[in-house]
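The values are calculated or read from the model by the stated rules, or taken from the named source; none is laboratory data. Not measured: the values here are computed from a predicted model. All Cβ positions, even for glycine, are placed from backbone atoms using ideal geometry, and neighbour counts span all protein chains on display. With ligands, DNA and RNA removed, areas are computed over all heavy atoms of the protein, side chains included. Shrake-Rupley method; radii C 1.70, N 1.55, O 1.52, S 1.80 Å.
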Number of protein chains: 2
Amino acid sequence: MVCHFTNAVMPMSSSSKGDLRTFVRIDFPDKERLGPGKMQLLEHIRATGSISAAGRAMDMSYRRAWLLVSALNTMFATQVVDSQRGGKQGGGAVVTEFGEELLRRYHAMQQRVDTALTSDFEWLNSNRRHS
Amino acid sequence: MVCHFTNAVMPMSSSSKGDLRTFVRIDFPDKERLGPGKMQLLEHIRATGSISAAGRAMDMSYRRAWLLVSALNTMFATQVVDSQRGGKQGGGAVVTEFGEELLRRYHAMQQRVDTALTSDFEWLNSNRRHS
DNA sequence: TGGCGTTATATCCTTAAGAATATAAATCCA
DNA sequence: TGGATTTATATTCTTAAGGATATAACGCCA
């Protein structure tokens with residue numbers, strides 16, 4: 001499994017120190033990854049009740065959004081997003097309770113990394129070639 | 001800046017918990033990244049005194065190895081690898097003192113992440129679809 | 001001087017990721 | 001019944017990353 005902690009300018013919940021922002025990315029042993037993209041998409045799905053609307057909100061093709069959701073659903077033993085087609089609005093998608101827990105976990109990991117690596121990020125930032 | 005903590009089967013110094021191994025990857029605001037690939041290459045350069053030998057040891061094309069070293073040298077204010085061509089062995093490369101400190105920092109970050117995210121990795125591992 | 005091994009590049013090719021597009025399929029509602 | 005909207009999926013195209021290859025440049029040494 002692989003886990004990335006990203007520190008960049010991104011419109012995601014993250015704590016900043018100086019001009020740095022951090023977020024988490026995790027890669028599983030095979031090739032599947034779990035990062036801010038899928039988590040943000042998950043939040044948009046929760047907000048809109050639709051994969052396509054969430055994709056549009058992130059300026060992402062529906063195909064890609066659907067692939068991300070599909071990956072999420074296949075990489076965990078429990079369903080992360082439930083979707084249905086047809087019906088009044090043509091269909092929709094909801095984040096499962098497991099998906100909600102995954103989001104909470106993800107944010108908690110973010111917090112833990114922020115605090116654990118504060119000094120490292122400061123060192124990296126002060127030693128990196130700015131601009 | 002982006003930081004990845006990767007947990008996968010890889011021949012790198014990393015602590016394992018269960019069948020998981022973690023390592024760190026960092027992405028800077030632009031597009032430059034710092035992860036196990038460059039760090040491992042750095043260790044091979046230290047061991048062999050040569051970019052090409054380090055690349056061969058990692059089964060990596062010289063072009064790629066050189067690009068990674070070039071990226072390392074341009075993303076930090078201080079040189080990470082010093083190289084020279086010509087001479088007895090045809091040339092060579094050495095990891096600078098800053099490069100050594102970078103390696104130490106990287107390993108320290110690995111340690112910190114390992115301890116900070118133990119419970120999260122356990123949760124992810126127990127909830128992921130195995131196989 | 002010429003050979004050797006390495007750094008330093010450029011050029012071309014292959015491949016994988018994602019965008020664009022198209023089309024079923026489902027289900028409600030007018 | 002047909003339209004509207006979304007899920008689900010296939011197909012084609014574009015683009016970016018890396019591999020393969022070639023070639024200078026460099027400086028020791030035989």
field: Neighbours by Cβ (under 9 Å, 6+ apart or cross-chain): first from region B:60-82, within 13 Å of B:S50 (Cα to Cα); second more than 15 Å from DNA strand D (Cβ to nearest atom) and not in a helix (DSSP H, G or I)
entry: B:V69/B:V80; B:V69/B:V81; B:V81/B:V94; B:V81/B:V95; B:V81/B:T96; B:D82/B:V94; B:D82/B:V95; B:D82/B:T96
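Can you pull out the residues in region A:52-80 that are of a type in the set (V, I, T), more than 8 Å from DNA strand D (Cβ to nearest atom) and surrounded by 14 or more Cβ atoms within 10 Å (Cβ to Cβ)?
Answer for region A:52-80, where residues must be of a type in the set (V, I, T), more than 8 Å from DNA strand D (Cβ to nearest atom) and surrounded by 14 or more Cβ atoms within 10 Å (Cβ to Cβ): A:T78, A:V80.
Counting just the residues of region B:104-121 that are under 19 Å from the mean Cα position of the chain (by Cα) and at the interface with chain A (Cβ under 8 Å from one of its Cβ atoms), which one comes out farthest from A:Y106 (Cα to Cα)?
B:R105
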- line: When region A:85-103 is checked residue by residue, the ones that are within 9 Å of chain B (Cβ to nearest Cβ) and either open to solvent by 60 Å² or more (accessible area, probe 1.4 Å) or not aromatic (F, W, Y) (or both) are A:E101, A:L102
